[in-house]
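This report refers to the structure that appears directly beneath it.
Read-outs: derived from the displayed coordinates by stated rules, not from any lab. This structure is a prediction, so every number in the text was calculated from the model and none was measured. Neighbour counts are summed over all protein chains in view; Cβ atoms, including those assigned to glycine, are modelled from backbone coordinates with ideal geometry.
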Amino acid sequence: MPIPRPDLQGDRVIAHVDMDCFYVQVEQRKQPKLRGLPTAVVQYNDWKGGALIAVSYEARKFGVKRSMRGAEAEMVCPNIQLVQVPVARGKADLNAYRSAGSEVVSILSTKGRCERASIDEVYLDLTDAAESMLLETPPEALEDIDEEALKSHVLGLSGDEDREKNVQRWFIRSDAIHQDKLLACGAIIVAHLRGEVLKETEFTCSAGIAHNKMLAKLASGMHKPAQQTIVPSSAVKDLLASLPVKKMKQLGGKLGSSLQNDLGVNTVGDLLKFSEEKLQERYGFNTGTWLWNIARGISGDEVKGRVLPKSHGCGKTFPGPRALKTAAAVESWLNQLCEELSERIQLDMDQNKRVAHTLTLHARAFKSSDVEPHKKFPSKSCPLRYGINKIQEDAKKLFDTGLREFLGSHSNAWRVTSLAISAGKILDTPRTSSISRFFQGKSLSSAISDASNDDIQDDAPSSSIGCKENIVPESDNDEEVFAHGKYVKEDDAPSKDRKIDVLCTQSRKQKDKGNGSILKFFSGTNTSTKHASNAPSSWSESHKGQDQRDHQEECLVDGHSRLGKISNQQRDDSWNFNAEDIDPSVIDELPQEIQREVRGWICSSKRAKTTKRGSSIFHYFSTDDNA
Ligand code: TTP
């Protein structure tokens, strides 16, 4: 359910940048002879020429649509150039599109906080850049306004004739309200960034510039390709008055249908007729307030400042006669998906120092008899172990568990029509120092646990599987039909998993507060080390997974309880060291936030001439019992 976030920062400048027919552009860059020709990218598939997933603007003029198959497209546009998505392991390989998206992000992220929302979409918070520009070089003082900026569409600006002149006047009005002046600066910055993207990558993109994400997103698609649209506050009412509810993010599904059918609300503006209380009464407190806000163009969602995907996923659909019927067929496909997933999380770890913690399997299946026809294949999760074989093994267990539950007491024949596997709960690892890396390494290898049945958890409902809107929402996902990677989302109500995450993070955040924060720090990244040194067998095959889950549960039950335990351990093990033994460069290797504290300890220790049994940080944290 949506969460209302009133916009407390009214003067923000937010841009939503969306690449134009992205996969087509990537293919055209590879084969420049395709430029300017009606072109479409088709999903690997030999049935009726495959499914179109991206269509160039030249082809759209002939009526070619994404919903068509290659053969249909050829009927309406005989000259269409159909390019196959690259294939690896029998399925679409989206790596070329992912890295093309990253090229764009690296350019766009130079002017402000940047949130990668999907494989080809980015939000930018340009407030600071726009404010600086307004102070230093306000548009009214500019001799020339960027030509691309002058081509902007300013909503609410009347008259098609002399549009550019009107736009120019709008840009340089000295009597404009502050908010509009900021938007004008934002639009000049975005026009410049789009120019840079074109120069550096050869890709065109379109953008919306507004005071919040919701309006910027609505605007970016209004004039495509290679154009930008500005939404001044004065234009919001008219924009929403005619906007069909279903066009609004989060209103495409049941909520939108209920608004239409139950309240007769067809456009977002129609919502203005209802009081906040009435909407709350009908849809609950949060959703009611959220609806009331969006009717007025209010949304306080922040640009998250994240350019990396929140999860990685890959999947494959098996429609009609291709449905998988045997465990061996499922295993073979799962193995291929897991291979790809393993490569991607490994690359993420190598490049970005991030570790994925949860493996989730989603599937869509049906039974040959129509007993419980609506029963869905349950999604299942377990702690993620790095390594292809381990991921394959765990994915298989997740599938078997899901299948048992799906079949229940009926031992029907079954068919699987889609499989997807994802790696989630991706957390940064401290990258400041080799000591951190050392402990992180320990943590990683220790964290490898078996997905015993105890570890397998139900995941979010699997209804999204194969659904174009959100197969494993907001992640870097790759699926046979909907291969559209979504990168970030925190707008939805927190999931059970996210709660664990949040609390763990909170407890880690407290590492720099109070006594013993170094212990907390290492316990945050290296809980297992403690387990290992206290009870070397505790990570044995049968209990590894349980151990990790316990760790999570501690976090979940009480964000402080784990810290409490550590304090006890601290009392037991007391950190004894000989200050003279400690090489000062070792301290430099510690994360910044604990360096000062450790230095403080060392100084006070020297002052007290403490020479206790034990040795250095290394020895204390060593997993070796004899150290
Ligand atoms: P979109 O941004 O939805 O569309 P687009 O970039 O092709 O075209 P537009 O100019 O209208 O924005 O999707 C980005 C890419 O994601 C698209 O080029 C191909 C891929 N994609 C799929 O693979 N399957 C899908 O169902 C959709 C919607 C997109």
Selection count where residues are among the acidic types (Asp, Glu) and either closer than 19 Å to Ala226 by Cβ or surrounded by 15 or more Cβ atoms within 10 Å (Cβ to Cβ) (or both), scope segment 161-173: 1
Qualifying positions in segment 378-431 - assigned to a loop (DSSP other than H, G, I, E, B) and crowded, with 23+ Cβ neighbours inside 10 Å: Ser379, Leu384
Unmet criterion (only one of (1) crowded, with 22+ Cβ neighbours inside 10 Å; (2) in a loop (DSSP other than H, G, I, E, B); (3) charged (D, E, K, R)) for Arg194: (2)
Strands (runs of 3 or more DSSP E) completely within segment 48-136 that count 2 or more residues being more than 11 Å from the ligand (Cβ to nearest atom): 81-84, 113-118, 121-125
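So is Glu147 more than 16 Å from the ligand (Cβ to nearest atom), touching a Leu at 6+ places or on another chain (Cβ under 9 Å) and not hydrophobic (A, V, I, L, M, F, W, C) or not?
no
Within segment 17-47, take every residue that is among the polar types (S, T, N, Q) and within 14 Å of the ligand (Cβ to nearest atom) and give me the one that is nearest to Thr110 (Cα to Cα).
Gln25
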Residues located in segment 267-301, provided they are farther than 15 Å from Gln250 by Cβ and part of a helix (DSSP H, G or I): Gly269, Asp270, Leu272, Lys273, Glu276, Glu277, Lys278, Gln280, Glu281, Arg282, Phe285
Scan of segment 132-149 for residues that are crowded, with 18+ Cβ neighbours inside 10 Å, over 17 Å from Ala219 (Cα atoms) and not hydrophobic (A, V, I, L, M, F, W, C), ordered by number: Pro139, Asp146
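May I ask you to say which residue of Lys48, Lys61 is over 21 Å from Pro225 (Cβ atoms) and exposed (fewer than 15 other Cβ atoms within 10 Å of the Cβ)?
Result: Lys48 is the single residue among Lys48, Lys61 that is over 21 Å from Pro225 (Cβ atoms) and exposed (fewer than 15 other Cβ atoms within 10 Å of the Cβ).
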Residue pairs meeting the criteria (Cβ under 7 Å; at least 6 apart or on separate chains; first on the phi < 0 side of the Ramachandran plot, in segment 213-234; second in a loop (DSSP other than H, G, I, E, B) and among the β-branched types (Val, Ile, Thr)): Lys213/Val303; Leu215/Val231; Ala219/Val231; Pro225/Thr204
Total residues in segment 193-212, condition within 16 Å of the ligand (Cβ to nearest atom) and either over 12 Å from Asp20 (Cβ atoms) or touching a residue at least 40 places away in the same chain (Cβ under 8 Å) (or both): 10
